[in-house]
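This report refers to the structure that appears directly beneath it.
The values are calculated or read from the model by the stated rules, or taken from the named source; none is laboratory data. Here the structure is a predicted model, which means the values were calculated and not measured. Cβ atoms come from the backbone with ideal geometry, glycine included; neighbour counts cover every protein chain shown. Ligands, DNA and RNA are stripped out before the accessible areas are found, and what is left, the full protein with its side chains, is counted by its heavy atoms. Shrake-Rupley method; radii C 1.70, N 1.55, O 1.52, S 1.80 Å.
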Amino acid sequence: MKTLFTLLAVFLLLSCDSGRTNRNPYLQEISFRIDLNLNLPSYSALKNTGNAVYVGSQGVGTKGIFVINTGFDSFMAFEASCPNHEPSSCSTMVLDDDKQNVTCPCEDYKYNLFTGQFLNRPDDDNRYRRRTFLQLIYKR
């Protein structure tokens, strides 16, 4: 019994997390709530799968958010500030004409809003980050 307890204690100690997280040093963690009325012209594009809109209201994210309709009454939201440098005058992403990708005007970095994937990552040894997904609760 003593051996079993010792093995269990060792297993628990070895399986503990060091507490480090992979946080983006350029973006703050901001808590906010916003309701979007899809009947308003500003957000009516969200009625169609694959369309996204920029929401730049005061107090919404660092530089605003992008919300995309991913289909089957499912939506995703991403921080609008480029995740690969400090927020600045050019770090607010711009929605591309296809309404599914965004581009950072500073370096022309391109990201997909369905996945958050960095689409044109430079071939160097630097560490780059994906888009920051925000928790989104959809209520009909």
Query raised in the report: Mind checking which pairs have a first residue in the stretch 77-102 that is closer than 17 Å to GLY50 by Cα and a second that is of a type in the set (Ser, Thr, Tyr) and modelled with pLDDT under 85, Cβ under 7 Å, 6 or more apart or different chains?
Result: PHE78/THR132
Report task. Residues being crowded, with 16+ Cβ neighbours inside 10 Å, in a loop (DSSP other than H, G, I, E, B) and either in contact with a Leu (Cβ under 8 Å, 6 or more places away or on another chain) or at pLDDT 90 or above (or both): count how many of those fall in the stretch 44-64. Result -> 3
Query raised in the report: Mind checking whether some residue in the stretch 80-88 is outside any loop (DSSP other than H, G, I, E, B) and within 22 Å of LYS110 (Cβ to Cβ)?
Result: yes
**Report entry** Residues (more than 24 Å from TYR43 (Cβ to Cβ) and open to solvent by 30 Å² or more (accessible area, probe 1.4 Å)) located in the stretch 74-103
**Finding:** GLU86, PRO87, SER88, SER89, CYS90
